[in-house]
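Accompanying notes for the structure given below.
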């Protein structure tokens with residue numbers, strides 16, 4: 001549980017702070033990211049700001065993908081998004097938060 005909470009706590013500020021800097025990223029900007037982590041975080045940001053779960057599917061890193069579904073599941077109050085989280089503890093935390 002602590003691991004999933006730390007991941008969420010670590011990644012969510014990136015999502016929120018990127019919105020303070022300017023417009024949310026676009027799909028093409030994410031595709032042109034210089035490394036895979038940057039690309040995955042870009043898709044996570046795009047998913048959150050556009051409320052489009054399909055962007056989470058573009059994410060390769062499982063922890064970032066789980067965090068994407070976690071943030072969207074809570075934000076959109078959709079259990080179906082929480083159920084896409086592979087980490088059982090994180091999934092349970094998401095479901096409990098709805």
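Things worth noting here:
- Per-pair calculated FRET efficiency, R0 = 22 Å: residue 79 and residue 36 via Cβ, rounded to 0.05: 0.15
- The range 25-51 and the range 67-98 have their alpha-carbon centroids 20 Å apart.
- Extension gain from residue 29 to residue 49, taking 0.36 nm per residue of separation minus the Cα-Cα distance: 5.8 nm
Only the coordinates and a few stated rules stand behind these numbers; no lab work does. What you see is a predicted model, and the numbers here were worked out from it, not measured in a lab. Cβ sites come from the backbone with ideal geometry, for glycine too, and all protein chains shown count toward neighbours.
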